[in-house]
Amino acid sequence: MSASAVIVVTGTGMVTPAGAGVDETWKAVRDARTLTGPASRPADRPERHCLSVPAFGSDVLPGRGTAHLDPFMRYALVAVDEAIAESGLDPGTWDGRRVGIVVGCGLGGVGTMTAAQTRLDERGADTVSPYLHPRSLMNMAAGTLAIRHHITGPSHTVVAACASGAVAIGVARDLIRAGTCDTVVACGTDAGVVPVVAAGFAAMGALSDSFAADASRPFAADRSGFVLSEGAAAVVLEREDVARRRGAPDLGRILGYGFTTDAHHPVQPHPDGAGAEAALRTALEDAGLAPGDVDHVNAHGTSTPHNDRMEARLITKLFPHGPSVTANKGVLGHSLGAAGAVEAVLTLRTLTTGVVPPTAHTPAVDPELEGLDLVLGSERHQQPRVAVSNSLGFGGVNCALVMGV
């Protein structure tokens with residue numbers, strides 16, 4: 001197949017702290033809603049900086065045994081169920097050999113594993129469940145999705161820290177371009193709202209030091225760190241000719257993909273953004289576009305001092321024409337391996353609706369980051385044709401997706 005083959009998105013799905021379903025999260029980010037975490041958590045615990053997915057039952061996730069899976073698997077199942085339903089595809093009749101699944105995840109079943117360790121310490125090895133590994137291994141989200149939807153083509157699990165979800169979409173697109181698959185489901189998922197995970201981020205100074213509900217403040221002068229979150233998002237990708245023949249929904253196109261590594265520091269981004277810039281330029285070249293063609297940027301925007309400074313300077317350098325910029329983590333917090341997929345789906349919504357959501361909780365752009373056209377206050381109506389979604393992560397990973405309509 002030609003490397004220039006057009007790959008379309010025909011289905012999307014999502015579950016975040018705003019609720020289950022893409023519409024719920026889209027409305028929350030459009031409204032710049034302030035979400036709150038569980039009120040029962042004591043204020044002196046590091047998980048005070050968290051936003052959790054609201055509890056859901058079998059009405060949202062039907063299926064025997066799903067209630068006992070680790071949340072990172074449950075979230076992926078919910079998102080993929082929605083995406084496949086929207087695509088109009090029927091897993092009962094498709095040729096599973098020509099369908100692939102790619103899941104991006106940063107942590108896997110850390111909640112299940114830490115609970116098992118506690119049980120082991122307190123009650124002994126005989127009390128550890130034989131289902132521990134099937135419910136916690138990182139590749140089991142992809143494996144469980146394959147079983148649920150009769151996918152017998154390639155099954156990949158991508159681990160690229162907070163860029164995992166975006167990289168999963170890029171890998172999925174490449175599987176179709178290579179002719180390996182006709183359809184690929186890509187998903188980013190993580191369930192890191194776990195005390196030891198929060199404690200680790202707090203210890204390294206990555207979490208916001210604010211106790212307020214509006215602590216996630218991307219690109220604001222008083223930003224102090226991210227708010228830990230969780231969730232999942234999924235897309236169904238197909239060749240355009242195949243999708244057109246069956247009258248599938250057209251939710252946008254994955255035009256370009258770039259993935260680079262800083263090779264600079266375990267957790268800090270390269271100060272001049274060299275790796276992130278290379279990812280953006282690679283994605284634009286892959287799409288056959290120039291920087292001036294970009295109308296909108298969905299920023300990684302973690303609300304950490306170093307990341308936001310580097311990313312803002314990169315955006316103003318590479319896109320001096322001033323495309324609109326938003327950062328969804330103001331509402332949703334940082335869902336780690338899910339974030340890139342969540343933001344890609346929301347970017348697609350911007351492209352198809354012409355609505356750019358505001359960056360919540362940021363009253364004004366840090367004066368040090370002059371030139372960034374960050375959408376603030378209320379949504380902006382425009383008609384972007386090309387958008388970029390940035391995703392960065394520990395280990396120096398940088399991923400850029402270029403999308404269009």
Looking at region 257-264, is at least one residue of a type in the set (A, V, I, L, M), in contact (Cβ under 8 Å) with a residue 40 or more places away in the chain and on the phi < 0 side of the Ramachandran plot?
no
Lone unmet requirement of (1) buried (at least 18 other Cβ atoms within 10 Å of the Cβ); (2) on the phi < 0 side of the Ramachandran plot; (3) in contact with a helix residue (DSSP H, G or I) (Cβ under 9 Å, 6 or more places away or on another chain) for Met113
(3)
Using beta carbons and a limit of 8 Å, which pairs, at least six apart or on different chains, have the first residue in region 127-149 and closer than 18 Å to Gly104 by Cα and the second one among the aromatic types (Phe, Trp, Tyr) and modelled with pLDDT of 95 or more?
Ala141/Phe72
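Which residues, counting only those in region 349-363, are among the small types (Gly, Ala, Ser) and touching a strand residue (DSSP E or B) at 6+ places or on another chain (Cβ under 8 Å)? Let's see the steps before the verdict.
Pass one, region 349-363, residues among the small types (Gly, Ala, Ser): 354, 360.
Gly354, the sole residue that qualifies.
On the basis of being modelled with pLDDT of 95 or more and either in the same structural domain as Phe394 (by TED's automatic domain parsing) or not aliphatic (A, V, I, L, M) (or both), does Gly205 make the cut?
When the stated conditions are applied, Gly205 does not pass them.
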Give just the number: which of (1) surrounded by fewer than 24 Cβ atoms within 10 Å (Cβ to Cβ); (2) in a loop (DSSP other than H, G, I, E, B); (3) more than 20 Å from the chain's Cα centre (by Cα) does Ile151 not satisfy?
(1)
Options Ser229, Ser324, Ser303: the member that is touching an Asp or Glu at 6+ places or on another chain (Cβ under 7 Å) and closer than 19 Å to Thr362 by Cα:
Ser324
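Of all residues being assigned to a loop (DSSP other than H, G, I, E, B) and of a type in the set (Asp, Glu) in region 52-82, which is nearest to the chain's Cα centre (by Cα)? Just the residue, please.
We begin by selecting, within region 52-82, every residue assigned to a loop (DSSP other than H, G, I, E, B); these are 52-65, 69-70.
After this cut, where a residue has to be of a type in the set (Asp, Glu) as well, the list is 59, 70.
On the way: Asp59: 24, Asp70: 18 Å.
It comes out as Asp70.
Hey, could you check region 207-262 for residues that are outside any loop (DSSP other than H, G, I, E, B) and among the polar types (S, T, N, Q) and say which is surrounded by the most Cβ atoms within 10 Å (Cβ to Cβ)? Show your work before the answer.
The first filter runs over region 207-262 and keeps only residues outside any loop (DSSP other than H, G, I, E, B), leaving 207, 226, 228, 230-245, 253-261.
Still in the running and among the polar types (S, T, N, Q): 260-261.
On the way: Thr260: 20, Thr261: 15.
Residue satisfying both the conditions and the ranking: Thr260.
Per-residue answers, yes or no, for (1) closer than 12 Å to Phe219 by Cβ; (2) surrounded by 20 or more Cβ atoms within 10 Å (Cβ to Cβ):
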| residue | (1), (2) |
| --- | --- |
| Pro269 | no, yes |
| Thr282 | no, no |
| Leu289 | no, no |
| Thr302 | yes, yes |
| Leu314 | no, yes |
| Gly322 | no, no |
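When region 11-36 is examined, which residues are found to be in a strand (DSSP E or B) and closer than 19 Å to Ala186 by Cα?
We begin by selecting, within region 11-36, every residue in a strand (DSSP E or B); these are 11-16, 19-20.
Within region 11-36, Gly11, Thr12, Gly13, Met14, Val15, Thr16, Ala20 meet the criteria.
Out of the residues in region 177-197 that are in a loop (DSSP other than H, G, I, E, B) and hydrophobic (A, V, I, L, M, F, W, C), state the one that is surrounded by the most Cβ atoms within 10 Å (Cβ to Cβ).
Keep residues of region 177-197 that are in a loop (DSSP other than H, G, I, E, B), which gives 178-182, 192-194.
From what's left, hydrophobic (A, V, I, L, M, F, W, C): 178, 181, 193-194.
On the way: Ala178: 11, Cys181: 24, Val193: 27, Val194: 22.
Across region 177-197, the extreme among qualifying residues is Val193.
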Filtered residues of region 324-348 (kept if among the basic types (Lys, Arg) and surrounded by fewer than 24 Cβ atoms within 10 Å (Cβ to Cβ))
none
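For region 1-18, how many residues meet the condition of being at pLDDT 95 or above and out of contact with any helix residue (DSSP H, G or I) (no Cβ under 7 Å at 6 or more places or on another chain)? Write out each step before concluding.
At the first step, the residues of region 1-18 found to be at pLDDT 95 or above are 7-18.
Within this subset, residues satisfying the condition of being out of contact with any helix residue (DSSP H, G or I) (no Cβ under 7 Å at 6 or more places or on another chain) are none.
Qualifying residue count for the region: 0.
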Within region 116-140, residues being out of contact with any Cys (no Cβ under 7 Å at 6 or more places or on another chain) and either crowded, with 16+ Cβ neighbours inside 10 Å or closer than 30 Å to Ala172 by Cβ (or both) number 10
Enumeration of residues in region 179-202 that are more than 15 Å from Phe394 (Cβ to Cβ) and among the acidic types (Asp, Glu):
Asp182
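The values are calculated or read from the model by the stated rules, or taken from the named source; none is laboratory data. All figures in this text were calculated on a predicted structure; none of them were measured in a lab. Note that each Cβ is placed from the backbone with ideal geometry, even for glycine, and that neighbours are counted across all protein chains shown.
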